Amino acid sequence: QVHVVESGGGLVQTGGSLRLSCAASGSIFSINTMGWHRQAPGKQRELVAITTSDGSTTYADSVKGRFTISRDNAKNTVYLQMNSLKSEDTAVYYCNVQEKNYVLNVAYNYWGQGTQVTVSS
């Protein structure tokens, strides 16, 4: 079982910055991807950014140039640096960790409980 815990959310003014952290712990076999999703009230959960085990990254168009995802493999931790925040970035941010068993070719997805980010204008 893998436990995923996010931290770093809060209230910030438009144009401000926040840094989210997510740590995975437990019986971890091999982490493949680590990423951030978000869900605003009344909207579906959407991908914000994701990073793979080889360091490649993917961002939603809406956050490109403003958000940066990074990963510390030794600590099983992923970060999301959010700059130039806008009111539309307000949402609950969820960390996703994908563990992959390459022997069985099976992947498991684990989610954190979410952390609220509120951007006030």
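Laboratory data are not the source of any read-out in this text; all were calculated from the coordinates shown. None of the values given here were measured: they were computed from a predicted structure. For neighbour counting, all protein chains shown are included, and Cβ atoms are generated from backbone atoms with ideal geometry for every residue, glycine included.
Here is the figure for the stretch 17-30: residues that are farther than 21 Å from residue 73 by Cα and surrounded by fewer than 15 Cβ atoms within 10 Å (Cβ to Cβ) total 1. Restricting attention to the stretch 31-55, the residues being assigned to a loop (DSSP other than H, G, I, E, B), surrounded by 12 or more Cβ atoms within 10 Å (Cβ to Cβ) and not charged (D, E, K, R) number 3. Filter the stretch 56-85 for residues that are among the basic types (Lys, Arg) and exposed (fewer than 15 other Cβ atoms within 10 Å of the Cβ) and give the result. Residues satisfying the conditions are 64, 75. Residue 118: touching a Ser or Thr at 6+ places or on another chain (Cβ under 7 Å), assigned to a strand (DSSP E or B) and farther than 22 Å from residue 3 by Cβ, yes or no? For residue 118, the condition - touching a Ser or Thr at 6+ places or on another chain (Cβ under 7 Å), assigned to a strand (DSSP E or B) and farther than 22 Å from residue 3 by Cβ - is met.
Within the stretch 1-16, restricting attention to residues that are in contact with a Leu (Cβ under 7 Å, 6 or more places away or on another chain) and in a loop (DSSP other than H, G, I, E, B), the residue that is surrounded by the most Cβ atoms within 10 Å (Cβ to Cβ) is 9.
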